[in-house]
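The values are calculated or read from the model by the stated rules, or taken from the named source; none is laboratory data. Every value quoted in this text rests on a predicted model; they were computed, and no experiment measured them. Ideal geometry is used to build each Cβ from the backbone, glycine not excepted, and the neighbour counts take in all protein chains shown.
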Amino acid sequence: MSSYKFRTEYFGLTEKQLVLLRSGYPVKEIPFSQISKVVVSRGIRTKFPIRSLLFGLAIFVVVYFLIPEKDFIIFDPANALVEISYILLAMGELGVVFWFLFAIGIASIVHALRKTLVMKVYPNDGGYEVFSIKSFAKTNHIFDLINFLGVSFHSRFTNKSLYGKSP
């Protein structure tokens, strides 16, 4: 369906339904009548922030134990060139692994703690979906989105953001 009133990478809104998208293709369509509540607020853009935070912290623990201790280096002046080359090779390989895991841990923790403008959709069958709507705020279409949600969902829409007012 190409007649979306509002669209991001992960969802599209038509006149009568919310369409979940993956790679631009519709995956699931949820009619507005099957949605119990829609909330626009500042929040975390993942459904499971605790899991993401624990994963990042676990990566940090792994990285901590990968850091080699300094007292393992035994220096023999007779074979200095050979030993230094092995040490540099080992440190280089560990360094790549260390920085790669460090970057994954940081990204996971930031993803778990960063707050942005989100829309939470609660279907009647339970659970919820979280969508980042920061792109609408950047392009100044956030007021149009909030008005559209207010008109489409009436009393089932809650606006806890700083943008616009709930009708």
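The set of residues in region 15-48 that are surrounded by 14 or more Cβ atoms within 10 Å (Cβ to Cβ), at pLDDT 90 or above and not in a strand (DSSP E or B) contains only Phe32.
Selection over region 1-27 of residues that are under 14 Å from Ile133 (Cβ atoms), touching a residue at least 60 places away in the same chain (Cβ under 8 Å) and within 20 Å of the chain's Cα centre (by Cα) gives a count of 3. Name the residues in region 108-133 that are loosely packed, with under 14 Cβ neighbours inside 10 Å, without any contact (Cβ under 8 Å) to a residue 60 or more places away in the chain and assigned to a helix (DSSP H, G or I), would you? Hit for region 108-133 is Val110, nothing else. Taken as a whole, region 53-63 holds no residue that is at pLDDT 90 or above and more than 22 Å from the chain's Cα centre (by Cα).
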